[in-house]
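Just so it is clear, none of the values below were taken in a lab; they were calculated from the coordinates. No experiment lies behind these values; they were computed from the predicted model shown. Using ideal geometry, Cβ is built from the backbone for each residue, glycine included, and neighbour counts are taken over all protein chains shown.
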Amino acid sequence: MKKIYSDDELFCNNEQKAYSGDAGCVDFLLGGIGTGNVSLGARGNLTTWQIFNQPGQLNRMPYTFFSIWMKQDGGEAVSRVLESKLNPPFNRSQGFFRNEVAGLPRFDSSVMTTKYPFVNIEFRDEEIPVQISLEAYTPFIPLNAKDSGIPGAYLNYKVKNTTKENIEISIAGSMNNAVGFEGYNNFSFMKHAGDRENEYRSDDVIRGIMYTGKNFSDKHITWGNMALSTTEKEEYITKKPLWYQGQWTDGGEDFWQDFSTDGRLNNESIYDQVGSNWAEKSDFSFLHFTDKIGSLCITQTLKPGEEKVFPFILSWYFPNRPKMWIELDKDKQDIVDGNYDVTKNYYATLFEDAWNVASYLAGNADRLYDESAKFAHAFFDTTLPGYILEAAADNITVMRSPTCFRIENGDFLGWEGVDGALGCGPGNCTHVWNYAQSVAVLFPELEQSMRRIEFVDEIRDDGYMPFRAYTPFDLPQWEMTPAADGQLGCIIRLYREWVISGNDSLIKECWNGVKKTLDYTLKVWDCDEDGVLEQPQHVTYDTELYGISSMATSIYIAALTAAAEMAEFMEYDDLADRYRKLAADGAGKLDKVSWNGEFYEQVLDNVNAYRYQYGKGCLSDQLLGQYMAFNAQLGYILPEEHVKKAVQSVFEYNFVEKAKKNVHAERAYILNDEKGLTPCTWPNGGKPIFPFVYYGEVWTGIEYEVAALLVRTDQVNEALTIVKALRDRQDGFKRNPFSENESGYYYTRAMASWAVYEALLGYHYDMRKQEQSFEPKLNEDHFDGFWCNGRQWGVVHQRKDNDGTLYQTTEVLYDAVKM
């Protein structure tokens, strides 16, 4: 292999990146699975608010921030917004809007580090005599979907007095009441349905501000409530439940004067002054302070050397989700017009309101922290390179982003990705979810619900399976050519779920759907029953492949292999034999007609008779079925030596060291001198006039797929090269490290990153037999790694004795069955 990175770069330790405050693309999501989320930027600022049951990448919350006041004995008081300084560009037509409070003082700099689900930010300023940091997180506990699906987050500000004098410290959180949110006007002020109210509450568990609404329908998708609370004692709390409702910037001016004077808040501000005549006669929103902001303040005195935590809990409850996939502008307008029914979010079946959410977070704080921290330490205290850990962990974000959600019956649903205000690619798109591995491993119950939707609810009597699920919303089924890769891939993934969990009942529920799927395949795609798909196959490239493609046929072979195992379990022995013979025949024929000595090519007499084919190209996805087979613990489905050579060829021909040399007219995901793996090249010539439309793009999901295959075939350096190049692109300046985009933000296919991690672990498991084993591919003499199956998770340690003997120990840290 051509050396692209040095050994030091490839085999670095497990230290993760640190993001400075000027890393403007960083958005770390806080929020649970299926709850919506709030993002934290590298400056410590709360950025995007996507808690309103639809994507909202541009949603900002005016006047929502944390601030600190401090006064040393005998010194002057100092106040700051708890963010580092704002970054360019600054060339706005009207400057920064007043509701962004850009004119208030901030810290000089900040540094963000993460160990999912925890994010830490250190604030730095030479004029500040204390050490200040923020630790924020939403509980994340593999195999515990309930406690990983809480609509809220902890924000714990830690302050240490490094002086020789006592220092009085106050930290205040201010939040806008966004209940009834309906977008923004041209001055960036929020528009709302109905009216809003803020109320201070206090009980035995928490104290804080409850934000509610009234005078609009309880079916509205932003009907609900929010809360900003603390577990701090009442004696340390002051509050301003509602900022002064004056004119212009009166509310903001009043808050800052109140807070910065003595670090405490007056409950209410009253002024008797003559206001602006213009404001009396004009409806301009900027002339009237109508935002319903509430602030909660904690005050403590720190002795020299003392450190204290200022705990806050942010929670929300917006139960109504549109009972429809909202993908088009028309769909969004239909929401506004009330043309869609709503379904409840799953979290609405667990909690009564945002106060109840906060109470649960407060009452279970120690356990939720300990179990989340146990995962974080187990995962990140490993001996794999940091960029590998980042790739696997940072893409966990996808399942907690607006891409994924749960409805009231517990069904787990997902887009392909999300755009600014709309979803992209609805309905658990089967051919995209083929690549993802994270949800299946970390939360098997969620992935199993998807298989039930496919094989029980969506499958038709003739075996046709729509590749987008609409039945969970009680809508007519998706009408389009079925996707061969997606439909057959569901069989492999069903088998994977069985192996991960050992759940026999899942197979019994879905078995009839499996039979129907393969019957349909033999009628439509493999009419001569030779184990090879030859009729037109719609695939993930949003087109049909003609002739024989190893991409689709390898999935078919793996599906037949998996189906044979399920048939045997269901005591359909004759059918099991038939499926095994078809798989063997298909593997033999595919190898005979498609293998060219270096890789598998498309078999098609005249590639230019059809648009959007790849012909003699070296397709990165050519062994997608083999990748899925490895993920499902099925082993090799094609000759091992050919698999290894084909994957080697993919790396050799398709990895580009400089994007500017990758000439194409498609969407561009890498640019200039960036490195990446393209979906297809034509090293031996024969490029079609119009190749399939994505051939020059770079999809991180395919990069992870190929990297996982490279590891499984003992080509580790090449695998690491792909992943390092990919993660170098997600540096926080050019791209968000927590969102690998394809057709939208937080794209599902990127969850293939977990497959790379499992491959490097050399992890093999079968919970049907209660078996697991490890063959680490790196640092074999001294290896530590995290593992997770459908019942337990923990760590594995491998060491080498002085006599050269390798030995392993495993430790169970969480047992879902016992829990």
Would you tally the net charge around Glu165, using a Cβ to Cβ cut-off of less than 12 Å, leaving Glu165 out, and scoring K and R as +1, D and E as -1? 0
Take each of the peptides 644-651, 342-349, average the number of other beta-carbon atoms within 10 Å over its residues, and list them starting from the highest. 644-651, 342-349
What's the ranking of 529-538, 34-43, 9-18, 701-710 by average number of surrounding C-beta atoms within 10 Å, highest first? 701-710, 34-43, 529-538, 9-18
Filter the cross-link list Lys85/Lys164; Lys516/Lys616; Lys3/Lys644 down to pairs whose alpha-carbon distance in this structure exceeds 30 Å. Lys516/Lys616
I want the local charge near Gly208. Using Cβ-Cβ distances under 12 Å, sum +1 for each Lys or Arg and -1 for each Asp or Glu among the other residues. -1
Taking H placed 1.01 Å from N in the peptide plane, check which residues at least 5 places from Ala483 or on another chain put their amide H under 5 Å from its amide H. Phe467
Show the residues, 5+ positions off or on another chain, whose built amide H is closer than 5 Å to the amide H of Leu545. Gln537, His538, Val539
For Leu29, what charge total do you get from the other residues with a beta carbon under 12 Å from its beta carbon, if Lys and Arg give +1 and Asp and Glu give -1? -1
Rounded if a/c is under 1.5, else prolate if a/b is larger than b/c, else oblate: which is the stretch 640-769, with a ≥ b ≥ c the root eigenvalues of its Cα gyration tensor? oblate
Mind listing the long-range amide H neighbours of Phe351? Cut-off is under 5 Å, sequence gap 5 or more, other chains count too, H placed in the peptide plane at 1.01 Å from N. none
When ranked by the protection proxy of mean other Cβ atoms within 10 Å per residue, highest first, what sequence do the peptides 779-785, 464-470, 182-188, 495-501 form? 495-501, 464-470, 779-785, 182-188
In whole percent, the Cα-Cα distances of the chain spread across 20 Å bins from 0 upward as 15, 46, 30, 8, 0
Quick one: of Lys191/Lys344; Lys115/Lys374; Lys734/Lys777; Lys191/Lys292; Lys214/Lys292; Lys160/Lys240, which pairs are farther than 20 Å apart, Cα to Cα? Lys191/Lys344; Lys734/Lys777; Lys160/Lys240
Once phi for every residue in the stretch 398-404 is put through the Karplus expression 6.51 cos²θ - 1.76 cosθ + 1.60 (θ = phi - 60°), the whole-Hz ³J(HN,Hα) values, with Gly and Pro written as x, are 4, 6, 10, 9, x, 4, 10
Specify whether the C-alpha gyration tensor of the stretch 18-369 places it in the rounded, prolate or oblate class, a ≥ b ≥ c being the square roots of the eigenvalues: rounded for a/c under 1.5, otherwise prolate if a/b is larger than b/c and oblate if not. oblate
With θ set to phi - 60° and the Karplus curve 6.51 cos²θ - 1.76 cosθ + 1.60, what are the ³J(HN,Hα) couplings of the stretch 251-262 in order, to the nearest whole Hz, using x for Gly and Pro? x, x, 4, 5, 4, 5, 4, 4, 5, 6, 6, 9
Modelled FRET efficiency - R0 41 Å, Ser6 with Thr162, Cβ distances, 0.05 increments: 0.55
Apply the Karplus curve 6.51 cos²θ - 1.76 cosθ + 1.60, θ = phi - 60°, to the phi angles in the stretch 522-532 and return the couplings in whole Hz, x for Gly and Pro. 6, 8, 10, 10, 10, 5, 8, 6, 10, x, 10
Using the Cα gyration tensor of the stretch 283-442, with a ≥ b ≥ c the square roots of its eigenvalues, what is the shape: rounded (a/c below 1.5), prolate (a/b larger than b/c) or oblate (neither)? oblate
